Every structure is written in structure tokens, then in C-alpha cells.
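The numbers here are math on the coordinates, done by the rules we state, and not lab data. Bear in mind the structure is a predicted one, so any value in this text is a computation, not a measurement. Positions of Cβ are backbone-derived with ideal geometry, glycine not excepted, and every protein chain shown enters the neighbour counts.
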Amino acid sequence: AQLAATKAGRSHLRSRGCYPVLRELHAWEKDPEVLSACLKLIQVVIGDEPEAGMENLLEVEVPAELERRL
């Protein structure tokens, strides 16, 4: 997940074809925690790139109210 935090990392993952691997992992994995992490990573990899200034997902500040709801 750390590699997917930056724009360069996400680009690298996409260029190496990580989505089919993640899709297969999700298809057979039974552990709920691993499934959850897999889904989050898939969303980051196949989603649209964040707007300018938010490329590094580890540095994005989430408002406290939103964080409580999540």
C-alpha cells in the first residue's frame, strides 16, 4: 500500500499490470482483513488520479469529522 501512496508508485504498479494479480487475490482470499486491504488497493490503483497537490496520499489531511464517519 505504501507504493500506491505516490503518483509515481501508482503509475509503476499500473505499468506492471498489478490489477489482474490483485483481482485474483481478491477472488480466492478468505481473510477479511486481507480482502479489505486488497479492495482499498484496487480502488487506489484503478481510480482517477487525485487533483494537483494531493498526489501523495500519505500527506493528504482528512478533516476530523470525515475521519470519524469513516
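Per residue, the Cα convex hull of segment 1-42 amounts to 52 Å³.
Between THR6 and ASP31, the simple label model (points 7 Å from Cα in the Cβ direction) yields a spacing of 2.7 nm.
Spin-label pair VAL44-ARG14: with each label point 7 Å from Cα along the Cα-Cβ axis, the two points sit 1.5 nm from one another.
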